[in-house]
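Report on the following structure.
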């Protein structure tokens, strides 16, 4: 890839990771509507503007892209690579995984689902920064985020991530066990 093309891709990636003021307003309305802002601000002890600043530097993955064909890591890596045009090295640093694992996940995802994701309107988003915890799998990190930060039920999470309820229950139980061992 030539230098000019790389610069264009880098500009696209930087632009896509920023949140416009209109999107910020929609996000705040959503949080207030769901009364999640109160839960998050109590837990994190941050104001609305600080919360926006925290989120602004993060890339949000829409939950509408999750499906039965791909695993959680495959879905996220494919979205970041194909939809946001991020290089594998950047993806691996964002999600805290080895670049070989990212490469493998992208290739498996392309083999299973060759077409680019069509992103539909999503009610929930997964911040990429939550995936950096290497002690937990990608799915475990996501379930932990949905349960603790957003206060969703396991049934709701299973619908959002298009997984069986028993799978989500098992993943959540595994997360609890790992946290208990940590203490």
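Once the piece of chain linking residue 69 and residue 178 is laid out straight, how much longer is it, given 0.36 nm per residue of separation minus the C-alpha distance between them? If you can, show how the numbers build up before the last one.
Details: separation 109, 0.36 × 109 = 39.24 nm, distance 2.74 nm.
Contour length minus the Cα-Cα distance gives 36.5 nm.
Estimate the FRET efficiency between residue 125 and residue 169 by the formula 1/(1 + (r/R0)^6), using the beta-carbon distance for r and 25 Å for R0, to the nearest 0.05. It would help to have the intermediate numbers written out before the result.
Numbers: r = 23 Å, r/R0 = 0.92.
After rounding to 0.05, the efficiency reads 0.60.
Would you mind calculating the relative contact order of the range 50-183 from Cα pairs under 8 angstrom and at least 6 residues apart, reporting the percent as a whole number?
Values: 143 pairs, mean separation 39.0, N = 134.
29 percent.
Roughly how many nanometres apart are two label points built 7 Å out from the Cα toward the Cβ at residue 156 and residue 104?
It is 3.5 nm.
Obtain the radius of gyration and the Kirkwood radius of the range 133-183 from its C-alpha atoms and give Rg over Rh. Walk me through the intermediate numbers first.
On the way: Rg = 10.3 Å, Rh = 10.9 Å.
Radius of gyration relative to Kirkwood radius: 0.95.
Read-outs: derived from the displayed coordinates by stated rules, not from any lab. Bear in mind that the values here come from a model prediction, so they are computed numbers and not experimental data. Backbone-built Cβ (ideal geometry, glycine too); neighbour counts: all protein chains shown.
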